[in-house]
Amino acid sequence: MRPPEQAPRRPPSGAGTPGAPWQRLSTRVIWVDLVQSVASLLPAVVALAVFGVAPGSGQLWPLIGFAAFGVLGAIADALRWAFTRYRITASHVEVKTGVFLRVERSIRRDRIRNVDIEARPRHRLFGLRVVNIGAGQQAAEGESALALDAVSTADARALQDRLLRMTDATAEPDGAAPAGEEATRTEGTAPLAVLARFRPGWVVYHMMSVWAYVLALGFGWGIFWLLGSSGVDVTGFVAGLLDWEAIGWAGTVAIAFLAVTLFGVIGLAVNYFAEYGNFELARVRGTEGTLLRTRQGLFTTREVNRDESRIRGVQLSEPLLWRWLRACDTSVITTGLSMWSMARPAAVLPRGPVTVARRVAAEVLGGESPWAVSPKAHPAAALRRRLWWATLFTAAVGLALLGTAAAGLLPYTALWAAAALWPCALGAAFVAYRALGHAVTGPYLVMRSGLVHRSTTVLRRSAVSTIVIRESLLQRRLGLRSVSAMTAAGYGGYDLPDLDADESVAFAVHAAPGVLDPFLVRPRDGAPPEDERPPGAGGARPAPRSGVSGPAAAPPGNT
Amino acid sequence: MSPSPDDRASRTLRPPEHRVERRAIGWWMLQSLLLTGPLLAASVLALLWWEGARPWPAVAVALSAVLLVVGAVIEPLWRYRVHRWETTDTAVYARTGWLVREWRAAPLSRVQTVDAVQGPLEQFLGLSTLRVTTASSRGAIDIGGLDKRTAARVADELTRVAELVPGDAT
């Protein structure tokens with residue numbers, strides 16, 4: 001339709017194959033846009049033709065708005081299709097897009113961390129898939145995910161296979177020939193092992209959440225508005241359902257609350273089936289090594305592949321309010337996946353029972369089970385510290401209430417709220433203390449902490465890059481220290497609060513094998529950390545300093 | 001060569017070998033002054049000119065005066081006693097903080113960049129901060145208050161050593 005006139009202006013930086021042809025997205029995108037236009041016009045047409053709504057009457061406006069929104073969106077999408085080209089060279093994936101503002105983006109192929117395939121119902125209708133190409137944490141350099149919206153299903157699979165196969169980048173002929181890759185594709189997608197499948201029973205773990213109310217109220221308001229605008233007397237209908245006068249104020253509130261809860265819970269249950277239907281977590285053969293693949297979605301399907309060689313650990317997170325259900329969220333700790341994305345690409349299981357989560361986690365990690373040793377509890381001083389904080393927090397709230405009461409803004413009875421808060425805070429302190437635990441099992445560190453979400457982090461010890469020990473004044477008095485293991489994967493670091501001070505060193509030494517060895521001394525011949533010796537006056541220095549540095553003069557060293 | 005795990009477990013960490021420059025005290029003082037000085041000035045002005053709010057500006061003056069003394073006198077001296085650093089052939093090790101003390105150690109095999117950076121105040125005092133980053137977003141080790149020549153030299157040496165140590169830095 002339009003010659004790619006900008007192509008020669010920017011030669012690919014990877015100097016491999018300047019001739020790789022630019023490709024369009026699938027032409028079927030246009031069909032999607034046409035269908036979307038027709039579908040969005042439909043309500044207005046039906047209202048005019050079938051129900052005989054007078055043109056220009058107020059009732060038609062929402063429908064006209066809907067139609068305009070749909071049609072304009074479709075036109076914009078078609079324009080986007082017309083002006084978008086992509087190509088895959090030996091070294092880069094390049095995309096040019098934009099109608100008025102041309103955007104040219106490229107991702108180096110060796111930086112590509114994940115290639116995800118996604119499809120909304122309208123894509124699935126036409127055999128289309130959206131391919132998201134992510135370069136992990138390179139977002140700062142403008143190399144966040146590229147989306148190809150959309151290509152045909154076969155092309156999407158071929159692209160995925162091809163881009164995740166980094167070793168072949170130089171060997172393969174360029175200029176995407178997806179058809180020829182069909183054979184590798186079918187071979188590659190057969191799972192080596194299926195670790196977990198969709199379980200309808202897990203719907204209980206998904207039915208209860210604050211979102212139930214958000215969902216119910218949003219939905220209810222939408223229905224009310226829609227019915228109201230088409231002339232149905234909703235208020236009258238609800239008023240006629242029951243004798244509200246007889247039930248009274250409290251009863252009405254209770255019934256409304258129950259109705260909203262029920263509505264929201266059903267909505268969340270439906271959402272669980274829609275989002276996680278056909279769920280499967282499988283280990284599949286990747287082009288180099290194995291991949292962990294999740295597939296999910298009844299209508300909107302999503303497939304995420306995670307390179308297993310990048311997985312550094314697993315995190316199980318048990319939300320406080322559902323601890324009695326033993327509910328648990330499971331995610332992998334891996335490099336190159338955004339932890340802050342709404343799509344949660346690191347989550348490998350829907351929320352489910354902790355027993356299953358532990359089994360799957362052990363299988364994901366392979367080898368030795370990280371659950372072989374049960375985590376060791378932390379010293380009682382850690383509980384004391386938490387109880388102190390809980391009490392201080394309550395006191396602060398009490399003082400604030402006292403202040404407002406003295407200013408006449410609140411009655412003095414509000415102080416009872418603080419009194420009621422105290423036992424709750426103490427209980428929370430106890431729960432938070434009970435959550436603390438740590439263990440070193442084989443190649444893994446196991447760290448457990450957290451009040452609202454008790455998270456158990458299993459981290460490969462070899463993945464720890466920086467080890468941090470922290471000690472506040474209060475901790476020092478209580479003989480406690482916190483240890484953090486920093487890593488390139490996941491959230492970048494995982495904290496373990498309030499170990500016994502002596503044990504913290506042992507844990508840190510195990511956490512980062514070999515790193516701290518030169519800095520260890522026996523308690524008797526070395527100075528304890530509190531001691532502030534003047535520089536150079538320390539007698540016992542066990543490790544001979546083959547030092548790279550000194551502040552005064554350049555030492556001979558190894559340089 | 002390295003002690004056995006059981007042996008290591010019974011050991012404690014020794015402080016890193018080198019102190020930072022004495023000038024670092026001045027650096028921390030200036031930082032606190034720049035932060036809390038305007039606060040004190042503003043509350044004194046309020047005390048003088050804003051008569052409507054009388055008792056409160058006095059409280060603000062007292063509070064910011066305390067902040068100033070703590071920040072400009074106690075904190076720098078305390079920090080000078082705590083801050084220490086050391087580098088070896090295999091690792092970078094530093095202790096920082098005052099109310100909260102922190103020991104950080106990173107193996108050179110995981111080091112990605114080593115830089116000597118200078119803020120405006122540091123330039124004024126001839127100081128420099130050695131910044132050692134690893135692949136972890138939370139794993140950087142900052143050693144502030146070094147002489148700028150020392151920092152540059154150490155950065156240079158560490159960069160050279162880090163290139164020699166095998167490892168993919170992740």
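Structural remarks
- The set of residues in segment A:93-115 that are of a type in the set (Val, Ile, Thr) and surrounded by 15 or more Cβ atoms within 10 Å (Cβ to Cβ) comprises A:Val93, A:Val95, A:Thr97, A:Ile107, A:Ile112, A:Val115.
- All conditions in (1) more than 14 Å from every other protein chain (Cβ to nearest Cβ); (2) buried (at least 18 other Cβ atoms within 10 Å of the Cβ) hold for A:Ala419, with the sole exception of (2).
- Of all the residues in segment B:109-160, those that are of a type in the set (Val, Ile, Thr) and within 18 Å of B:His18 (Cβ to Cβ) number 7.
- Listed by first and then second residue, the pairs with beta-carbon distance under 6 Å, at least 6 apart or on different chains, first residue in segment A:403-426 and without any contact (Cβ under 8 Å) to a residue 24 or more places away in the chain and more than 17 Å from A:Ala390 (Cα to Cα), second of a type in the set (Ser, Thr, Tyr) and not in a helix (DSSP H, G or I), form an empty list.
- Flag for A:Val464 being out of contact with any Leu (no Cβ under 6 Å at 6 or more places or on another chain) and touching a residue at least 40 places away in the same chain (Cβ under 8 Å): yes
- Where strands (runs of 3 or more DSSP E) fall entirely within segment A:228-346, those with at least 2 residues that are among the charged types (D, E, K, R) are at A:280-285, A:290-296, A:301-307, A:311-319.
- A:Ala67 meets all of the listed conditions (1) in contact with a Leu (Cβ under 6 Å, 6 or more places away or on another chain); (2) farther than 25 Å from A:Ala158 by Cβ; (3) at pLDDT below 85 but one, namely (3).
- Residue list for segment B:111-169, restricted to those being in a strand (DSSP E or B) and within 10 Å of another protein chain (Cβ to nearest Cβ): B:Val111, B:Gln112, B:Leu130, B:Val132, B:Thr133, B:Thr134, B:Ile141, B:Leu146, B:Asp147
- Residue match in segment B:88-97 (condition: within 30 Å of B:Leu40 (Cα to Cα), part of a strand (DSSP E or B), assigned by TED's automatic domain parsing to the domain that holds B:Thr159 and not acidic (Asp, Glu)): yes
- Looking across A:Ser369, A:Ser374, one residue alone is over 23 Å from A:Thr334 (Cα atoms) and either of a type in the set (Ser, Thr, Tyr) or not assigned by TED's automatic domain parsing to the domain that holds A:Leu451 (or both). It is A:Ser374.
- Condition met for A:Asp77 (in contact with a helix residue (DSSP H, G or I) (Cβ under 9 Å, 6 or more places away or on another chain), assigned to a helix (DSSP H, G or I) and surrounded by 14 or more Cβ atoms within 10 Å (Cβ to Cβ)): yes
- No other residue among B:Arg54, B:Arg11 is under 29 Å from A:Arg477 (Cα atoms) and either at pLDDT 90 or above or touching a helix residue (DSSP H, G or I) at 6+ places or on another chain (Cβ under 9 Å) (or both) apart from B:Arg11.
- Matching residues in segment A:443-481 - criterion: being more than 13 Å from chain B (Cβ to nearest Cβ), surrounded by fewer than 22 Cβ atoms within 10 Å (Cβ to Cβ) and under 22 Å from B:Ser109 (Cα atoms): A:Pro443
- Hey, A:Arg344 buried (at least 19 other Cβ atoms within 10 Å of the Cβ) and in contact with a Ser or Thr (Cβ under 8 Å, 6 or more places away or on another chain) or not: no
- Enumeration of residues in segment A:492-506 that are among the small types (Gly, Ala, Ser) and under 21 Å from B:Ser136 (Cβ atoms): A:Gly492, A:Gly493, A:Ser504
- Taken as a whole, the condition of being touching a helix residue (DSSP H, G or I) at 6+ places or on another chain (Cβ under 8 Å), in contact (Cβ under 8 Å) with a residue 12 or more places away in the chain and part of a strand (DSSP E or B) applies to B:Arg101.
- Within the set A:Arg344, A:Arg351, A:Arg358, A:Arg385, the sole residue that is more than 25 Å from A:Ala489 (Cβ to Cβ) and of a type in the set (Lys, Arg) turns out to be A:Arg385.
- Residues in segment A:504-527 that are without any contact (Cβ under 8 Å) to a residue 24 or more places away in the chain and more than 7 Å from chain B (Cβ to nearest Cβ): A:Arg524, A:Asp525.
Residues are listed down the side, and each one gets a yes or a no for (1) in contact with a Leu (Cβ under 7 Å, 6 or more places away or on another chain); (2) within 14 Å of another protein chain (Cβ to nearest Cβ); (3) part of a helix (DSSP H, G or I); (4) surrounded by 16 or more Cβ atoms within 10 Å (Cβ to Cβ):
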site	(1), (2), (3), (4)
B:Leu63	no, no, yes, no
B:Tyr80	no, yes, yes, yes
B:Trp85	no, yes, no, yes
B:Ser109	no, yes, yes, yes
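- Residue check, A:Ala361 crowded, with 21+ Cβ neighbours inside 10 Å and either among the aromatic types (Phe, Trp, Tyr) or under 18 Å from the mean Cα position of the chain (by Cα) (or both): yes
- So B:Trp27, is it crowded, with 21+ Cβ neighbours inside 10 Å, away from chain A (no Cβ under 11 Å) and in a helix (DSSP H, G or I): yes
The values are calculated or read from the model by the stated rules, or taken from the named source; none is laboratory data. All values derive from a computational prediction rather than experimental measurement. Note: ideal-geometry Cβ built from the backbone for every residue, glycine included; neighbour counts use all protein chains shown.
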